[in-house]
1. Can you classify segment 136-182 as rounded, prolate or oblate using the Cα gyration tensor, where a ≥ b ≥ c are the square roots of its eigenvalues, rounded means a/c under 1.5, and otherwise it's prolate if a/b beats b/c and oblate if not?
2. Checking the a/c ratio against 1.5 first, then a/b against b/c, what shape does the Cα gyration tensor give for segment 157-204?
3. Using every alpha carbon pair in segment 1-149, what percent of pairs falls into each 5 Å bin from 0 up to the bin containing the largest distance?
4. Ratio of Rg to Rh for the chain, alpha carbon only, Kirkwood?
5. Once the Cβ-Cβ distance between residue 183 and residue 42 is put in as r, and R0 is 25 Å, what FRET efficiency do you end up with, to the nearest 0.05?
6. Going by how many other beta carbons lie within 10 Å of each one, how would you line up 67, 144, fewest first?
7. For segment 204-306, what is the Kirkwood hydrodynamic radius in Å, using each pair of distinct C-alpha atoms?
8. What is the distance, in nm, between label points placed 7 Å from the Cα along the Cα-to-Cβ direction at residue 166 and at residue 154?
């Protein structure tokens, strides 16, 4: 193996895997409560909401784009879903309608952003910054700043229930990553995502419909953000207009820490999963060690900076 390939592996998916194992072992040694079944399941539960969004964000960043609207979309999709559930339908029908309505909000948001990005050639940062503001404002306007309460108990199972002792959101997270990995590595769409991120002009000349690829990745990102918004609303058993604040930062951090390049064309779903779990384990371990929350923000920020630095080294 030449030096170049070794450097790529150590700063990419392979390297982040080693870092995750070392972090895991460190907290297992420092805290007697870390390596317990209940705590490990709690880590997966804590990671699930942002990790699901990160799966969709991986597709977006692989194309060289960004989606800043996911945190606000978590709030608005949760509000729409819970409001639909309370619209007066029978409980089962109301929950199904709420799930569909929340998902539709996410898909529409992605389609809306994708249209402006591809039709008018506006930078993804600007378009999704605008939709981030729109959906956050819409969540507060819809509810007049008040939470949506008194939801059916059956709805709470989606975010708080367990199957064979495993939290339902954790199961949904794993399924999301499995499907995303298959799509990205085993389908023509996945190959097109990498091609667009590597060189969009070359991809266009090769016959790839680049605009359609970009629109689809934003629809995917919006849909998974909406799914997370529904899970979070179910977990809190309420729709909160201030939910998901700064989630976009945690999501982008998970993707970048997992080895996906902000320049596009390089990265993997597996890397994103490891990145999301690394950040979740870091937060959990620091909590168990009673580290001040403000200090935790500094540490997580330094980890993100290190990941971006390694990305720049790999791209040289």
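Values in this text are rule-based calculations from the coordinates and carry no lab data. Since we're looking at a predicted model, the values are computed, not measured. Because the Cβ atoms are built from the backbone with ideal geometry, glycine has one as well, and the counts that use them run over all protein chains shown.
1. Note, shape of segment 136-182 comes out oblate.
2. Prolate.
3. Computed distribution, short to long bins: 2, 8, 11, 14, 14, 12, 12, 12, 9, 4, 2, 1, 0, 0.
4. 0.98
5. Working from the Cβ atoms, E equals 0.30.
6. 144, 67
7. 15.9 Å
8. Label at residue 166, label at residue 154, 2.5 nm between them.
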